[in-house]
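In what follows, a single structure is set out as structure tokens and then discussed.
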Amino acid sequence: MKKMRKIFAMLLALTMVLGMSVTAFAAEKATITINNAGSGIFSYVKVIEADPTTDTGWDFVDGYAEYFTAEDAFNTDDTQAIIKGLIYAENSTATEGDEIDDFVDKYAAALQNVWETLSAEGTEDATIEVDVAGLYVIRGSEEGFNYTPMAVFIGMNYESGKPSGVVDSAQVEAKKSPTSIEKVVDDTIVETNQEVTYTVTSTVPYFPDQDTNRWYVITDTIKGADYVLTNEGKLSVTVKIGDGTTFNRTYEVMPTDVSDGTADHTFTLDLTNDVELDLDHNKYANQTIEITYKAIVTGLVIDNDVMIGEGVNGVDDKYGSDHEDVISGTVTLVKTDDNATEENRILLAGAEFVVQKTEEEKVVYAIFDTENNNTLTDWTENLEEATKLVTNDDGEITVNGLAPDTAYEFKETKAPAGYSINETNATVTWSDTDITEEEISDENASAITGDASMKDTKLASLPGTGGIGTTIFTIGGCAIMIAAAALYFVSRKKTEEQ
């Protein structure tokens, strides 16, 4: 009986040791680190695992072989042949050739098949912990980006000379390309003829190895503005990647005129070689790219579109695009009689005005294109060069192309007939300038409005001939003459008496 107890005790101890070793063995985990993950969400699945009963020592996890054997992938039921091909591709030094390209395309198709079965929901952590060796497929999701399938191999640790079952950690680059672009302008409500700076921000996409026709092209179109050009007629476009330490360049591009109703000018900048897509095609992958250039406002509304990824060599795909509008304001002055009331306004035609503002402590006067709805074109310090605007039969002057963040005044330079000049300038009051992107359009170009008003005083009456005014003067004059004559005779009489 004692012998049996000893045997049971030994078995229990052995069980405990084995249990502890299994726990310790299971506690060993590998970490998959996703670099440049941004704010992505990731889900994953193991598709190949170790199997000592097969020729390769690996086999597909139940249910996943079909995605590799499918017609659009490797198109064979020989799963071990597929795995042998994966092993050969991993260890081969060949990097190009029809056979390599064909294999890469089939592998990409198989991974895409698996990717489509994964949920778009998952972990926000860019690290994934696994405890079993094998091939894992990862799906990434992020607003504004498209992810291509990522495959990560987690191998066994052989430090002890034989597989210990402890798996090695691995890293993978997030393979994504932007679906949207952010485009902003330094001011959205401006004067016409004002210079504005456009800034386009995007992300350099990750180009999968199977992409043989890699390109990265920027296309910009603009309406209602002119690009700021050099003496050679070129536009300076500055491109910065990341913090600009390794890539900060200025390009001189030649814009072309469009004038087809959708745009006035456009330019294309091909950065395919400069971001080294051909030599090291993922050197700048997932880094921020910033593009800036300048334009002069010529219309009341600027329509501006940018697209990154407009294809070359017949490729029609695009990574993303954005649109930015700029608008100018419309101001109306009303001229009335100073005795007019709201109920009975007397509108004055024929009053002449100039528009002025203070710029760098100097008063400057506006020059308008009177053939184009009195649209602002320039400013001058010379009052004589300023455009003289005259009120119409409704007592109004309307001007376009002004910006509500500037204090404008209407200065009267000539009063209408029968009135005197008002020496106090009329200031512009703006309406609500909180306008949405949707409200800015050619049809709604006057969405930003301002108004001003001025009253003139009738000319004062002056004395003339005839009427009571003349009678008073005549009587007064006669009285003075009679008084003078009386003084003369009195003085003469006194002299004779003496």
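The values are calculated or read from the model by the stated rules, or taken from the named source; none is laboratory data. None of the values given here were measured: they were computed from a predicted structure. Ideal geometry is used to build each Cβ from the backbone, glycine not excepted, and the neighbour counts take in all protein chains shown. Ligands, DNA and RNA are excluded from the accessible area calculation, which covers all protein heavy atoms including side chains. Shrake-Rupley method; radii C 1.70, N 1.55, O 1.52, S 1.80 Å.
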Among the residues of segment 131-138, is there at least one that is at pLDDT 80 or above, touching a Ser or Thr at 6+ places or on another chain (Cβ under 8 Å) and not in a helix (DSSP H, G or I)?
-> yes
Is there a residue in segment 157-167 that is crowded, with 18+ Cβ neighbours inside 10 Å and modelled with pLDDT of 80 or more?
-> no
Count, please, the residues in segment 257-276 that happen to be within 18 Å of I308 (Cα to Cα), open to solvent by 40 Å² or more (accessible area, probe 1.4 Å) and more than 21 Å from the chain's Cα centre (by Cα).
-> 3
Restricted to segment 27-76 and to residues being of a type in the set (A, V, I, L, M), within 24 Å of A174 (Cβ to Cβ) and touching a helix residue (DSSP H, G or I) at 6+ places or on another chain (Cβ under 9 Å), the residue surrounded by the fewest Cβ atoms within 10 Å (Cβ to Cβ) is V45
Please work out if A120 is surrounded by 19 or more Cβ atoms within 10 Å (Cβ to Cβ) and either modelled with pLDDT under 90 or on the phi > 0 side of the Ramachandran plot (or both).
-> no
Within segment 128-153, residues closer than 14 Å to N35 by Cα and either among the hydrophobic types (A, V, I, L, M, F, W, C) or surrounded by fewer than 16 Cβ atoms within 10 Å (Cβ to Cβ) (or both) come out as I128, I138, M150, A151, V152
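Results for (1) open to solvent by less than 70 Å² (accessible area, probe 1.4 Å); (2) at pLDDT below 90, shown as yes or no for each residue.
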position: A351; (1), (2): yes, no
position: T358; (1), (2): no, no
position: N373; (1), (2): no, yes
position: E381; (1), (2): no, no
position: T398; (1), (2): yes, no
position: A403; (1), (2): yes, yes
When the residues of segment 407-417 are filtered to those that are assigned to a loop (DSSP other than H, G, I, E, B) and open to solvent by 40 Å² or more (accessible area, probe 1.4 Å), which remaining residue is farthest from A225 (Cα to Cα)?
-> A417
Is there any pair with a first residue in segment 52-73 that is free of Cβ contacts under 8 Å to residues at least 60 places away in the same chain and part of a loop (DSSP other than H, G, I, E, B) and a second that is open to solvent by less than 50 Å² (accessible area, probe 1.4 Å) and of a type in the set (G, A, S) whose Cβ atoms are under 9 Å apart and which are 6 or more apart or on different chains, and what are they?
-> G57/A50; A70/A109; A70/A110; D72/A109; D72/A110; A73/A108; A73/A109; A73/A110
Can you tell me which residue in segment 90-104 is nearest to the chain's Cα centre (by Cα), limited to those that are loosely packed, with under 14 Cβ neighbours inside 10 Å and part of a helix (DSSP H, G or I)?
-> D101
What is the residue count in segment 25-75 for residues that are more than 25 Å from N146 (Cα to Cα) and aromatic (F, W, Y)?
-> 3
